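Heads up, the thing below is written out as structure tokens.
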Amino acid sequence: MKLKYLLLFLSSSLFFAQNNFQTPFEKGNGNQTVTYDEMNAYYQNLAKSFNTIQYLKKGEDDNGKPIYVVIYNPFPEKDLNQLRKDKAILFVNNGIHPGEPDGIDATMMLMRDLATKKIKTPQNFIIAAISAYNVSGMLNRGSFSRANQNGPEQYGFRGNARNYDLNRDFIKADTKNARSFQEIYQWLKPDVFIDNHVSNGADYQYTFTYISTFKERLGNVLGEYFYNNYQAKNLEDLKKLGD
Ligand SMILES: [Zn+2]
């Protein structure tokens, strides 16, 4: 009898947890993206509720507002220098172009699903993500700055507070955002880096497009590896998926 009640309690609290952590995107009509304040409140709540999630101020936008990094780390050790010895770190950047915000919303769902153990990572694996990199662009919301795009209803602006395109400022680092990014990157020293650029309904001929750089641009070792191993393997896998 007691076991039954316990199971009932566990399943209802799991149900509650999942509903409690619905993202604003999931609560919306499918054509809306989260605001900066909603995003921070969501992650702060998630970090308070799960000890596998941390939400840390790790830099500053040109407008003075904080850039945050969310980390899913299932291990008791929290020191990255220790963790890096035998664990792989995946680093994701979101919202460099806030008019392409899908990654911002998708990462919130991903972190929630990892925290609630709905999905599992490979062993010895940590995921860190900048929740939104171009904070000032994200705050500058509107509906008309991307004429060829069908949604979402409102989205951020491409340029940051000083109208820099941050995707052109990785190396010269004219912006506080880029200097913050360099610090975050050096702090994480990731094994794999993903920069999310996604738009909803831009008018391309194909549903899915992939573009890779010229191997000459990567230099000898990296170029050979990328072209002959990484890209070749990905192409094989794509072909296996079929049409
Ligand atoms: Zn972009």
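General observations
- Dividing the alpha-carbon radius of gyration of the chain by the rule-of-thumb value 2.2 N^0.38 Å gives 1.11.
- Accessible surface of Val198 - all protein chains present, 1.4 Å probe, nearest 10 Å²: 50 Å²
- The chain, accessible surface, carbon-and-sulfur percent (1.4 angstrom probe): 55 percent
- Ordered from highest to lowest accessible area with the whole protein assembly present and a 1.4 Å probe, Asp62, Asp174, Asp169, Asp191 read as Asp191, Asp174, Asp62, Asp169.
- When the square roots of the Cα gyration tensor eigenvalues are ordered a ≥ b ≥ c, the ratio a/c for the stretch 141-227 is 1.5 or more and a/b does not exceed b/c, which makes its shape oblate.
- Computed [θ] at 222 nm, helices only, for the chain once each DSSP H run of length n ≥ 4 contributes -39500 (n - 2.57): -11000 deg cm²/dmol
- In the stretch 179-229, chymotrypsin sites (Phe, Trp or Tyr not before Pro) in a DSSP loop with at most 14 other beta-carbon atoms within 10 Å: Tyr204, Tyr206, Phe208, Tyr210, Phe214
- For the stretch 22-208, the solvent-accessible area works out to 51 Å² per residue, with a probe of 1.4 Å and every protein chain left in place.
- Euclidean distance between Cα centres, the stretch 130-174 to the stretch 40-86, Å: 23 Å
- For the chain, averaging the sequence separation of C-alpha pairs within contact (under 8 Å, six or more residues apart) and dividing by the residue count gives a relative contact order of 22 percent.
- Sorted largest first by accessible area at a 1.4 angstrom probe radius, with every protein chain in place, the residues Arg84, Arg217 fall in the order Arg217, Arg84.
- Given charges at Cβ of Lys, Arg, Asp, Glu: the stretch 22-208 dipole, positive-most of Ser180, Tyr206, Tyr72: Tyr72
- For the stretch 137-152, 3J(HN,Hα) computed residue by residue from phi via the Karplus equation (6.51, -1.76, 1.60; θ = phi - 60°) reads x, 5, 6, 8, 7, x, 10, 10, 8, 10, 5, 8, 10, 7, x, x Hz, glycine and proline entered as x.
- Relative compactness, the stretch 20-138, computed as alpha-carbon Rg over 2.2 N^0.38 Å: 1.04
- Using C-alpha pairs under 8 Å with a sequence gap of at least 6, the mean separation divided by the residue count of the stretch 49-134 gives a relative contact order of 40 percent.
- Summing charges over neighbours of Thr23, with a neighbour being any other residue whose Cβ is under 10 Å away from its Cβ, gives -1 when K and R count +1 and D and E count -1.
The values are calculated or read from the model by the stated rules, or taken from the named source; none is laboratory data. As the structure is a computational prediction, the values presented were derived from the model and not from experiment. Don't worry about glycine lacking a Cβ; one is built from the backbone with ideal geometry, like all the others, and counts go over all protein chains shown. Areas reflect the complete protein model, heavy atoms only, side chains present, ligands, DNA and RNA absent. Shrake-Rupley method; radii C 1.70, N 1.55, O 1.52, S 1.80 Å.
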